[in-house]
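Since every read-out is calculated from the coordinates, none of them should be taken as a lab result. Here the structure is a predicted model, which is why all the values come from computation and not from measurement. No Cβ is skipped: glycine too gets one built from the backbone with ideal geometry, and neighbour counts run over all protein chains shown.
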Amino acid sequence: MPVLFSLRPLTFCLLLFSAQLSAAQFTLEGVENELADNVRALLSIDDALERQPLPTVSRLRYLHRKAPKEIRLALEPYGYYQPTLTLRLDLEGEPERWLVAYQVEPGPQMQIRNARLVLEGEGSTDEALQQVIADSPVKPGAALRHSDYSALKSALQSRAAERGYYQAGFRSSEIRVDVAANRADIELVYATGPRARIGEIRLDPAPVSESLLRRYLPFQSGDPVNTARLIEYQRNLINSNYFADVEVRPLLDELTDAELPVAVKLTPQKRSLYQGGFGYGTDTGARMQLGLTRRWVNHQGHTLDTRLRVSQIRQQFTTSYQIPGFQPTTDRFAFNFQLEDEQSDTIDAQTLSVGGSWQKQLGDWERRLALDWQQETWTFENEEQDSTLLIPSARFSRTQADNRLNTTRGHQISFGVAAAAKSLLSDTDLLQLDVRGKRVDTLSDRWRLLTRAEVGMTLIDSVDDLPASLRFYAGGDNSVRGYDYQSLGPKGDDGEVIGGRYLVAGSVEVDYLVRDNWRVAAFVDTGNAFDNTDTELKTGAGIGARWQSPVGPVRLDFAVPLDEDGWQIHFTLGPDL
């Protein structure tokens, strides 16, 4: 026998459920943005109307009676103590016809009449704490906002803790409101107590001497506590490359007579780092690198870095023995050894170089002084030549960027000078100077402008006496795109480029952010290497794509020379500055 189902009860249930889901209308007018958000956050009736099932009529009437107090409570933190409220509640008929309409006129915003903001104790003359008060919008005549007052209290407590006022507290903290006059008086008295001083600095055992690690200190025992300096010391030790992890921890539980011991926990790196890699560049072709870094050779923290680089045009072996200076974060001595053999379409040269250098930070500038003995053999137009030079040199460079790997604004500039003299163990007299600069500017949210310029000059009696490694060339990935690597410069009788005494090169590029980490670019490069000032500059132009990788931009460019036929593809990896 068939089983029959009636649809009428089901239909009735669906209609009842649908009625329960029908939303009553709620409107809030007169306030907007953060005021409206805070009012709705505190209004119980607004929250209740968004729930299912809907509250009963009696419940909504009760919540409606609570609304004036809740609205006033929501407006007071923003300084509105005299609002005008027009509140309408219509619960006639079906729930979908219910209406809750609130009109809120916040009224005049309360002003601060008096603001007594006082520092007491040792920190009363601390400029950092005084600056917190000076930067706060809590001032006589300003609008009263409770969030500004709370932010001031929080900032004082945070800055005091950073600067070692561990006993600080508010002796008085109140806002007195005169609703009738629509004015408020604020009193905030912060008693800092004594400022703690750095006590004993306890360093974990390490593979390098404690005396060296103490040279990384930006403070000494007895100095006032400054959390920023503790963090700086931690960063200095991590950057030393001796340690995988560093923890600089003030021992607050041992604070005695305002002296704070500091413990430094050290986790050493592995002593030796072995590296290897393969790559490709349009200037160098396929390339390979092998490296060994001895992070510490001895207890004095000396380091040894050895590299073998092999590419289709150049083979290079370098060794650098480095000694930390008196200020090891910015001061370093090195003894350098280099063997290089370059066989490109332009250069056929073998170079041996031995020397020393001193690198030091001078404010924003990095200074490198060097003295190198260089022996080089090179061949141009099937004629082999050799030279021996003792070259003192100096280079000053500065890089400033908002982000070194993904720069939106910044610049880099460097200038160098090198010399040699027959009277100082050299085969010839020469003086070489060069200036290089790069700049990145943001034009809008998506557009950037990148500019680059380079100028070089060599003073020498005869360019024939100038070794190939010291001559100027143009063309390639980081020079004039559209031309082969080092394909621009003076040419010999056989038509091969032999390099010149002078160099001028520049570039203008714009790029556009099409999506996260991807940009498209258009550029124009111009320049040349030359011996005579009437030499024509060569110009290349093109378009490219940029991918912002975790290790810096990856660039792929298509460029054409404007002075001749042909085209070039350029591929590079590395930061813009």
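Which whole-number percent is the relative contact order of the chain (Cα, under 8 Å, 6+ apart)?
6
Quick check on the range 197-268: of the DSSP beta bridges with both residues there, what percent are antiparallel, nearest 5%?
Restricted to the range 197-268, the bridges split so that about 65 percent are antiparallel.
Compactness ratio of the range 111-191: Cα Rg over 2.2 N^0.38 Å, N = residue count?
Its radius of gyration relative to the 2.2 N^0.38 Å reference: 1.10.
How would you rank His570, His64, going from fewest to most other Cβ atoms within 10 Å of each one's own Cβ?
Ascending Cβ contact count within 10 Å gives the list His64, His570.
What whole-number distance in Å separates the alpha-carbon centres of the range 78-95 and the range 125-173?
37
Just for the chain, what percent of DSSP beta bridges are antiparallel, to the closest 5?
In the chain, DSSP labels about 90 percent of beta bridges as antiparallel.
Counting other Cβ atoms within 10 Å of each Cβ, which trypsin sites (Lys or Arg not before Pro) in the range 348-420 have at most 16 and sit in a DSSP loop?
For trypsin sites (Lys or Arg not before Pro) across the range 348-420 that sit outside H, G, I, E and B with at most 16 neighbouring Cβ atoms in 10 Å, the list reads Arg404, Arg409.
Taking the DSSP beta bridges in the range 111-191 as the whole, what percent of them are antiparallel, to the nearest 5?
About 55 percent, rounded to the nearest 5.
Suppose the chain between Leu449 and Ala545 were pulled fully straight at 0.36 nm per residue; how much longer would it get relative to their current alpha carbon spacing?
Extra length from Leu449 to Ala545 when fully extended: 33.1 nm.
Just to verify a number: FRET efficiency for Arg116 and Arg40, C-beta to C-beta distance, R0 = 30 Å, to 0.05?
0.25
Work out the FRET efficiency for Gln375 and Asp516 from their Cβ-Cβ distance, taking R0 = 51 Å, and round it to the nearest 0.05.
E between Gln375 and Asp516, to the nearest 0.05, is 0.50.
Tilt of helix 33-42 relative to the longest C-alpha principal axis of the chain, in degrees (0 to 90, nearest 10)?
The angle comes out at about 50 degrees.
Taking the Cα-to-Cβ direction at Phe326 and at Ala180 and moving 7 Å from each Cα, how far apart do the two end points lie in nm?
7.2
Only helical DSSP H runs with n ≥ 4 go in: add -39500 (n - 2.57) per run for the chain, normalise by residue count and round the 222 nm mean residue ellipticity to 500 deg cm²/dmol.
About -5000 deg cm²/dmol.
Do any GluC sites (Glu not before Pro) in the range 118-149 lie in a DSSP loop with no more than 15 other beta carbon atoms within 10 Å, and if so, which?
Listed in order of number, the matching sites amount to none.
May I ask you to derive the FRET efficiency for Phe170 and Lys69 from their Cβ-Cβ distance with R0 = 22 Å, giving the value to the nearest 0.05?
After rounding to 0.05, the efficiency reads 0.15.
Based only on Cα atoms, what mean projected area does the convex hull of the chain have, in nm²?
The Cα convex hull of the chain, projected and averaged over all directions, gives 47.4 nm².
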